[in-house]
1. For region 358-382, which residues satisfy the criterion of being touching a residue at least 24 places away in the same chain (Cβ under 8 Å), under 23 Å from Gly138 (Cα atoms), surrounded by fewer than 22 Cβ atoms within 10 Å (Cβ to Cβ) and not small (Gly, Ala, Ser)?
2. Take the residues in region 128-144 that are touching a Lys or Arg at 6+ places or on another chain (Cβ under 8 Å), more than 12 Å from Ala179 (Cα to Cα) and not basic (Lys, Arg), then tell me which one is modelled with the lowest pLDDT.
3. Would you pick out the residues in region 313-334 that are within 17 Å of Arg285 (Cβ to Cβ) and either in a strand (DSSP E or B) or among the β-branched types (Val, Ile, Thr) (or both)?
4. Check whether at least one residue in region 89-112 is touching an Asp or Glu at 6+ places or on another chain (Cβ under 6 Å) and either part of a strand (DSSP E or B) or crowded, with 24+ Cβ neighbours inside 10 Å (or both), and report yes or no.
5. Which of the numbered conditions does Ile49 fail, given that it passes all the others? Conditions: (1) surrounded by 19 or more Cβ atoms within 10 Å (Cβ to Cβ); (2) in a helix (DSSP H, G or I); (3) touching a Gly at 6+ places or on another chain (Cβ under 6 Å).
6. On the basis of being touching a strand residue (DSSP E or B) at 6+ places or on another chain (Cβ under 9 Å), in a loop (DSSP other than H, G, I, E, B) and not polar (S, T, N, Q), does Glu386 make the cut?
7. Checking the condition closer than 22 Å to Ala385 by Cβ and either out of contact with any Leu (no Cβ under 8 Å at 6 or more places or on another chain) or modelled with pLDDT of 95 or more (or both), which residue from Ala62, Ala34, Ala55 passes?
8. List, please: which pairs have Cβ atoms under 7 Å, are six or more places apart or on different chains, and start with a residue in region 209-233 that is farther than 30 Å from Val348 by Cβ and modelled with pLDDT of 90 or more and end with one that is of a type in the set (Val, Ile, Thr) and in a helix (DSSP H, G or I)?
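The values are calculated or read from the model by the stated rules, or taken from the named source; none is laboratory data. Only a predicted model underlies this, so the values are computations on that prediction, with no experimental measurement involved. Here the Cβ is made from the backbone with ideal geometry for all residues, glycine too, and neighbour counts use every protein chain on show.
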Amino acid sequence: MTISPADWMLEATARAKAASAALAMAPTPQRNAALLAAASAIRARAGAIAAANAADLAAFDAAGGTAAFRDRLALTPPRIEAMAQGLEGIAALPDPLDRMLDEWTRPNGLRIRRVPQPLGVIGMIYESRPNVGADAGGLCLKAGNAVILRGGSDSFHSAGEIHAAMAQGLRTADLPEAAIQVPPATDRAYVAAMLGAAGRIDLIIPRGGKGLVERVQAEARVPVLAHAEGLCHTYVHERADPAMARAVLANAKMRRTGVCGATEVLLIDAAIAPALLPDLIADLRALGCAFRAGPRARAIVADLPPTQQGDFDREWLDAILTVAVVDNLDGALRHIRHHGSSHTDAIVTEDAEAAARFLSGVDSAVAMWNASTQFCDGGEFGFGAEIGIATGRMHARGPIGLEQLTTFRYQVLGTGQVRP
């Protein structure tokens, strides 16, 4: 008998609640053992994971998907190995539950401690990138949370094989397999069932395009930690080192165009644009980049295609860059406030005062000085991996790693005190 998505989710969340309680009590070595065993299982199953991914890619190609999104979906041998290494890296990190956040003693002798605790059951809804399943499963496991992972239909077979490796790791460490679960089919009704699981799922984390995040925010009856689109800017200030600006922008745009930390908009000061913008454009063109440019940029590089309505608000996730010339730092900040998505924005400058104004002036989860926006990544931050980039203002912002997957509670230690 086939179980409906709603009934499956009802049972899955009950199993996850029990599993999260077991994880919260599991000692650090046991959770680490599960991660290391899962890493070994990924390596042992690399052939099966690659075959499943080939099936997903074939279906994606038949449907006419874009090259940028195909890159997000593809699992090359180095990327499969990176998943295993990522789990080992998470195991090597300090336990986010094994620490004291704060402790103090009141005048009446009461000792009060603030201590971390897991969030509980997390629902993760993500698109395209199947390696997210390993990163999210590993981070949730280390932080003592159970997780239900619902990947995109285009990565269904890949996600299934990765989940099998994670489940093997849990079994090896004698932890409940229900700590990491995936729906058995691609039916979108599983998403609806997750969004309606108030009281059974403690937090929903969507990771994907603007449409997915907006749907989750509109329909969820569960708290949401949103990962908004990555409309990232690189601003080249008039005091920028030209060679640095060329190197940083080329990496920020073209290293991987389909990731959320890729720069989508170049802003450049009018004072430096006539001398530097032609070189920036030439560098990117040589790497296969196309452009949409505002009128002041086109006055300098005449063959740049003009922007169309909405281009400065578009996350391309492709080898396309929108270009604008601004008057100064204040103009750059105004542009970012009006068009940005509060994800990641960078300034390139040798002027420390201008950099300080930029870093404090942008309302972004991550602000950078003289560095590629593609460093907005949990692994690059030393988190081992990430479950997403939060751009809201509640609970956490920026890359979501182990610490951000915990909350806190209080322990009060007395010696018989009674309140007057």
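1. Phe375, Asp377
2. Selected residue: Ser128.
3. To start, the set of residues in region 313-334 that are within 17 Å of Arg285 (Cβ to Cβ) comprises 316, 318-323.
If the condition is that a residue be within 17 Å of Arg285 (Cβ to Cβ) and either in a strand (DSSP E or B) or among the β-branched types (Val, Ile, Thr) (or both), then Ile320, Leu321, Thr322, Val323 are the ones that fit.
4. no
5. All conditions pass for Ile49, except number (3).
6. So Glu386 passes the test.
7. Ala34
8. Val224/Val216
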